[in-house]
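Okay, structure first, notes after.
The values are calculated or read from the model by the stated rules, or taken from the named source; none is laboratory data. Predicted, not measured: the structure shown is a model, and the values here were computed from it. FYI the Cβ positions are ideal-geometry reconstructions off the backbone, even for glycines, and counts take in every protein chain you see. The accessibility values were calculated without ligands, DNA or RNA, using every heavy atom of the protein model including side chains. Shrake-Rupley method; radii C 1.70, N 1.55, O 1.52, S 1.80 Å.
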Amino acid sequence: MFHYIYSRSLISIIASMALALAVWSIFSAHITTKRWKQGNFLLLLLTVMAILYATLLNRSEGNTGCILAPFATLAAAQTQPELYREMLMNVFLFFPLGLTLSNALPRTWRRWGRIALTALIGCALSMGIEYAQYRFSLGLAETDD
């Protein structure tokens, strides 16, 4: 499944993200608050499982490395345009997390508080994945991811 998504063109990935956001907005306007929150929580769990599967669980030991230079991928992408796709795919992988987590949090919290907590959790999850990839030799750990 992830190979199918990864093999799509950049335009189709961007269009898919825009379509997902539009559908998300339509659903949020037509579903009751209780069901919306429950649905978001369920999708949040599925999203976290998909992220962990794509980044840790489907990899085998042996591919190891660490790139600690910030923005090294951007510099390398000037000569290897395929790296732009890789960066976009990282965004695409975490895109549902941002949608679902901010909507699963209590509405009594301030909007910017929910957004800030969502960003912090996303960063913490990303850092945890990069650490696990480095620690268990499951992939290339990069600060850019």
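Figures for the structure shown
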read-out: Among (1) open to solvent by less than 50 Å² (accessible area, probe 1.4 Å); (2) closer than 29 Å to S7 by Cβ - the single one Y131 does not satisfy; value: (1)
read-out: Hits in segment 16-65 (condition: over 15 Å from L101 (Cα atoms), in contact (Cβ under 8 Å) with a residue 40 or more places away in the chain and over 19 Å from the mean Cα position of the chain (by Cα)); value: S60, E61, G62, N63, T64, G65
read-out: Selection from segment 8-17 of residues that are in a helix (DSSP H, G or I) and open to solvent by 60 Å² or more (accessible area, probe 1.4 Å); value: L10, I11, I14
read-out: In segment 79-117, the residues that are farther than 19 Å from W24 by Cβ, surrounded by 15 or more Cβ atoms within 10 Å (Cβ to Cβ) and polar (S, T, N, Q); value: N90
read-out: Every pair of residues 6+ apart whose Cβ atoms lie under 8 Å, when the first sits in segment 124-145 and is farther than 23 Å from L101 by Cβ while the second is open to solvent by 80 Å² or more (accessible area, probe 1.4 Å) and among the acidic types (D, E); value: F136/E61; S137/E61; L138/E61
read-out: Which listed residue, of A124, A75, is small (G, A, S), open to solvent by 50 Å² or more (accessible area, probe 1.4 Å) and either touching a Cys at 6+ places or on another chain (Cβ under 9 Å) or more than 29 Å from V23 (Cβ to Cβ) (or both); value: A75
read-out: All positions within segment 19-58 that are over 21 Å from R107 (Cβ atoms), of a type in the set (A, V, I, L, M, F, W, C) and open to solvent by 80 Å² or more (accessible area, probe 1.4 Å); value: L19, L46, M49, L57
read-out: Subset of segment 69-95 (residues that are touching a residue at least 60 places away in the same chain (Cβ under 8 Å) and aromatic (F, W, Y)); value: F71, Y84, F92, F95
